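All remarks here apply to the structure that follows.
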Amino acid sequence: MDKFYHSVKLEPELCKGCINCIKRCPTQAIRVRNGKAQINSKFCIDCGECIRICPHHAKTASYDKLDTIRQYEYAVALPPPSLYSQFNNLDDVNIVLNALKLMGFDDVFEVSAAAEIVSEATRSYIKTHESSLPFISTACPSVVRLIRVRFPNLIPQLLPINPPVEVAACMAAERAMEATGLPREKIGVFFLSPCPSKVAYVKAPLGTEKSQVDHVLAIKEVYPQLLAYMKAVEDDAEEISESGKIGISWGRSGGEASGLFTDRYLAADGIENVIRVLEDLEDQKFANLEFVELNACNGGCIGGVLTVENPYVAEVKLKRLRKYMPVARSHMGDDAQGYVPWTTGVQFEPVFRLGDNMMESFARLEQVERLCKRLPGLDCGSCGAPTCKALAEDIVRGEASERDCIYYLRENLHKLSKEVSVLADDINDGIKGGREAFPILMDYIRRISNEMTSLDSRMNEQENDD
Amino acid sequence: MAEAIRLTYEISPDDFTRAGEASSDVKKKLRSLGVSPDAIRKVAIAMYEGEINMVIHAEGGIITVDISPDKIVMILADKGPGIPDIEQAMQAGWSTAPNEIRSLGFGAGMGLPNMKKYTDEMTIDTVIGKGTTITMVVKI
Ligand SMILES: Nc1ncnc2c1ncn2[C@@H]1O[C@H](COP(=O)(O)OP(=O)(O)O)[C@@H](O)[C@H]1O
Ligand code: SF4
Ligand SMILES: [Mg+2]
C-alpha cells in the first residue's frame, strides 16, 4: 500500500478555488491550480483542517459504508472513547455497546479497553527506558506522519507502541476466531473513527506492516442510526464494557498522559500547537519531561472532524461519564502482550527537501531566496500557493512559474508598455527607422497581449467557478 | 430477621489501576438482587469514594458490605496514616491528593462530603499512625 495513502480528498465539482484551504493547511500541502485545489499527497498528513475550513464542503474524507458488514460472516465493532462523548445524558457506556450489537455487529471490542493495556505498557516502557526520555505519543497518526516528514530528529523519541485501535483490532480478531472457529478473512473488524487520520492509518499504518482493522466507518455517519438503536436498549443493558477511567480519558487531550501517573508530562492539542511543541522539543527547550502527548485535533479525538459534538461539550460529557468508573478494567495479559510493541520502525521521508541531493538543495535554496526578494511578499494566495515563499519553492521545483504571481505579471505589463512607448517615441523622433523598428514593436505588442490573455484566463477561471 | 449477605473485598495499595473495582462489583451484585436503582446509586458513589480514598490516602485495607432487607452497611477499614483533622477533611474541596492522579479527576476534595451526602449514617474512627475505619449505612 502507498505509504502516502490519504483519506482527505477534494470534490473538484464543489471546489471554487477560493484559497481558504491553502492558507489553513499546516504543512502547506494544498495549491490552487487551474481554479481547483490540489493536495500534494507527500505533504498531507490527513489532519482534516481543510475539511473544517472549506466553506463549500469541497474537502471530504473517504471511509467505508455500514453495509460492508454484510460482506462478513462475523463483524466486530471497535468503538473509540470519543464516541461515548457524543450523546446527551449518557451515564452508561453499555447502552452504546448494546446498541452497536442491535445495529448488526456480532461483537464489540472497546478501543478504551485496549487503551488501558497500552497505558500499562507505556508506564513500564518509560520505566525501563529512563535514559531516552521523553517519549512522544504515537496514538495520533497525523502527529506521527508530521514527525515523519518534518521532524526527523524526533523520530527516536516516538513511543514504539501500537495505538489502542490497533491493539483492539488484534485482540478482537483473535477473540472472534476463537469464538467462531471462522478463518480470519470471514471476520470483519470495523473501527468507528472520529477522524480521517485513522482511515489513512488503517490503509498505510505506521509501526506495523498491516493493520488488523478491516474497515473504517465515520462516527458522524453511524450516529443517527446508533442513536435510534440506543433508544431500543433496555434500561439495564447487558454489562459488556471492559474499560474504566483511564481508557475513557483517552478520548480527550491529556487523557493518555493521565494514565501514566506522572506529572512530568506535556499535552498539546490542535495541529498548530502541536507544531510549536515539536519545534521546541527539537530545540530541546524542555527539561525533565517523561511524556509528550500530542493530538492534531482541538480537544483531542473528541475534536475529530468526523464527530458530531462540539469538542468542549464532548469533554464535559466524557468527564461526567467516567466519574464513578474504576480506574481501569482491562489489564495486560498474555492475550495482549504480542500485539503491543511496534514491529517496524518509522522512516524519515524528506519530502520538503528542495533537491535530490545536498548540492542541488543548496543551489535551489539560493534560488528561492532570490525569488523571494523579487516577489511582493504579500502572501496574497492569488497564485494558488499559500505564501510567496511557497510559490518560490514551487518555482524552483519546476511546478510553478513566476508568471503565476499577478503582481509579477502586472509589473511586467507596466515594464513592457513603458518600453513600447519609448520605442514609439523614438520612431516618432526619427531616432529609429520605421522599417527596423516595426518587428520590435510587433513583438512588444504580442508579449503584452500574451500577458493580458494569461491574466484574463486566470480571472475567467475564478469567475466561471462563482 | 432475614440473614444478611456479606461481601468482603481486600483493597490492594499496590495496583492503583484496580481502584474502584470493588465498588463496581458491589453495584453489579446489588443490581442482580433487585435493589432499587436509587439505593444502588447511593451505595455505589459512597463506596467508590471510600475505596478510592483507601488507595490514594491510606495503604489499602478491607471493605465489608452487609446487605440486609432494610439496609446496606459498608465498613471500610484501613491501616493508613489516619486523618489528623476530620472537620477539615470533611470540607468540600479540601484535598491532599498527589498531582500525578489529578488529571484522572481525583483530588477534587469531594469524596468525604459526598460519602456523607449519599448515606443515611456515617461515622469516622481514626487514629493517627494506626488507621481509619469508616462505617456507612444506606437504608433501603
Ligand atoms: N482513608 C483515609 N486515610 C487518610 N486520609 C484520608 C482518608 N480519606 C480521606 N483522607 C483525607 O481527607 C482528604 C479529603 O478526602 P476527600 O474528600 O475524599 O477528597 P480527595 O480524596 O479528593 O482528596 C484527603 O485529601 C485526605 O487528606
Ligand atoms: S477552501 Fe476553497 S479552494 Fe479549498 S477546497 Fe474549498 S472551495 Fe476549494
Ligand atoms: Mg477522595
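The values are calculated or read from the model by the stated rules, or taken from the named source; none is laboratory data. Quantities reported herein were computed from a predicted structural model and do not represent experimental measurements. Using ideal geometry, Cβ is built from the backbone for each residue, glycine included, and neighbour counts are taken over all protein chains shown.
Considering A:210, A:231, which residue is under 21 Å from the mean Cα position of the chain (by Cα) and without any contact (Cβ under 8 Å) to a residue 12 or more places away in the chain? Don't jump to the end; show me each part of the working.
Numbers: A:231 fails: under 21 Å from the mean Cα position of the chain (by Cα).
None of the other options fit; the residue is A:210.
Residues of the stretch B:69-95 being over 17 Å from residue B:57 (Cβ atoms) and more than 15 Å from the chain's Cα centre (by Cα), which ones?
Selection gives B:69, B:70, B:71.
Would you be able to say whether some residue in the stretch B:46-57 is crowded, with 22+ Cβ neighbours inside 10 Å and without any contact (Cβ under 8 Å) to a residue 40 or more places away in the chain?
Kept after step one, since they are crowded, with 22+ Cβ neighbours inside 10 Å, are these residues of the stretch B:46-57: B:46-55.
Okay, now just the ones that are also without any contact (Cβ under 8 Å) to a residue 40 or more places away in the chain, so B:48.
Yes: the stretch B:46-57 contains one or more residues that are crowded, with 22+ Cβ neighbours inside 10 Å and without any contact (Cβ under 8 Å) to a residue 40 or more places away in the chain.
If residue B:4 passes every condition in (1) facing chain A (nearest Cβ under 10 Å); (2) touching a residue at least 60 places away in the same chain (Cβ under 8 Å) but one, which one does it miss?
Failing condition for residue B:4: (1).
Considering only residues that are surrounded by fewer than 21 Cβ atoms within 10 Å (Cβ to Cβ) and without any contact (Cβ under 8 Å) to a residue 60 or more places away in the chain, look in the stretch A:11-35 and name the one that is farthest from the chain's Cα centre (by Cα).
It comes out as A:13.
Quick one: which helices (runs of 4 or more DSSP H) lie wholly within the stretch A:243-323 and hold at least 2 residues that are in the same structural domain as residue A:131 (by TED's automatic domain parsing) and over 22 Å from residue B:18 (Cβ atoms)?
Values: elements: A:245-249, A:255-258, A:271-282, A:311-322.
Where helices (runs of 4 or more DSSP H) fall fully within the stretch A:243-323 and carry at least 2 residues being in the same structural domain as residue A:131 (by TED's automatic domain parsing) and over 22 Å from residue B:18 (Cβ atoms), they are A:271-282, A:311-322.
Determine which member of the set A:185, A:174, A:209, A:166 is over 19 Å from residue A:113 (Cα atoms), part of a helix (DSSP H, G or I) and in the same structural domain as residue A:251 (by TED's automatic domain parsing).
Working: A:174 fails: over 19 Å from residue A:113 (Cα atoms); A:209 fails: part of a helix (DSSP H, G or I); A:166 fails: over 19 Å from residue A:113 (Cα atoms).
Step by step, each of A:185, A:174, A:209, A:166 is checked, and only A:185 is over 19 Å from residue A:113 (Cα atoms), part of a helix (DSSP H, G or I) and in the same structural domain as residue A:251 (by TED's automatic domain parsing).
Mind checking which residues of the stretch A:7-43 are hydrophobic (A, V, I, L, M, F, W, C) and more than 20 Å from residue A:349 (Cα to Cα)? First the steps, then the outcome.
Narrowing the stretch A:7-43 to residues hydrophobic (A, V, I, L, M, F, W, C): A:8, A:10, A:14-15, A:18-19, A:21-22, A:25, A:29-30, A:32, A:37, A:39, A:43.
Within the stretch A:7-43, A:10, A:14, A:15, A:18, A:19, A:21, A:22, A:32, A:37 qualify.
Among the numbered criteria (1) closer than 22 Å to residue A:258 by Cα; (2) within 16 Å of ligand 3 (Cβ to nearest atom), which one does residue B:44 miss?
(1)
Scan (1) surrounded by fewer than 18 Cβ atoms within 10 Å (Cβ to Cβ); (2) within 16 Å of ligand 3 (Cβ to nearest atom) for the single condition residue B:80 breaks and write down its number.
Result: residue B:80 passes all but (1).
Just wondering, is there one or more residues in the stretch A:411-422 that are under 37 Å from the mean Cα position of the chain (by Cα) and surrounded by 15 or more Cβ atoms within 10 Å (Cβ to Cβ)? Give the derivation first.
Looking only at the stretch A:411-422, we keep the residues that are under 37 Å from the mean Cα position of the chain (by Cα), and these are none.
No.
For residue A:292, are the conditions met, namely being more than 14 Å from chain B (Cβ to nearest Cβ), under 26 Å from residue B:106 (Cβ atoms), within 23 Å of the chain's Cα centre (by Cα) and surrounded by fewer than 18 Cβ atoms within 10 Å (Cβ to Cβ)? Talk me through it step by step, then tell me what you get.
Values: more than 14 Å from chain B (Cβ to nearest Cβ): yes; under 26 Å from residue B:106 (Cβ atoms): yes; within 23 Å of the chain's Cα centre (by Cα): yes; surrounded by fewer than 18 Cβ atoms within 10 Å (Cβ to Cβ): no.
Against the criterion (more than 14 Å from chain B (Cβ to nearest Cβ), under 26 Å from residue B:106 (Cβ atoms), within 23 Å of the chain's Cα centre (by Cα) and surrounded by fewer than 18 Cβ atoms within 10 Å (Cβ to Cβ)), residue A:292 does not qualify.
Is there a residue in the stretch B:51-58 that is of a type in the set (D, E, K, R) and more than 11 Å from ligand 3 (Cβ to nearest atom)?
No, every residue in the stretch B:51-58 fails to be of a type in the set (D, E, K, R) and more than 11 Å from ligand 3 (Cβ to nearest atom).
Just to confirm my filter: which helices (runs of 4 or more DSSP H) fall fully inside the stretch A:42-151 and include at least 2 residues that are surrounded by fewer than 19 Cβ atoms within 10 Å (Cβ to Cβ)?
Values: elements: A:49-53, A:81-84, A:93-102, A:111-128, A:141-150.
Qualifying helices (runs of 4 or more DSSP H): A:49-53, A:93-102, A:111-128.
Looking at this structure, is residue A:163 closer than 28 Å to residue A:96 by Cα, crowded, with 23+ Cβ neighbours inside 10 Å and free of Cβ contacts under 8 Å to residues at least 60 places away in the same chain? Before the answer, list the steps.
Details: closer than 28 Å to residue A:96 by Cα: yes; crowded, with 23+ Cβ neighbours inside 10 Å: yes; free of Cβ contacts under 8 Å to residues at least 60 places away in the same chain: yes.
So residue A:163 fits the description; yes.
Checking the condition over 28 Å from residue A:51 (Cα atoms), of a type in the set (A, V, I, L, M, F, W, C) and within 14 Å of chain B (Cβ to nearest Cβ), which residue from A:318, A:266, A:260, A:281 passes?
Values: A:318 fails: over 28 Å from residue A:51 (Cα atoms); A:266 fails: over 28 Å from residue A:51 (Cα atoms); A:281 fails: within 14 Å of chain B (Cβ to nearest Cβ).
So the residue among A:318, A:266, A:260, A:281 that is over 28 Å from residue A:51 (Cα atoms), of a type in the set (A, V, I, L, M, F, W, C) and within 14 Å of chain B (Cβ to nearest Cβ) is A:260.
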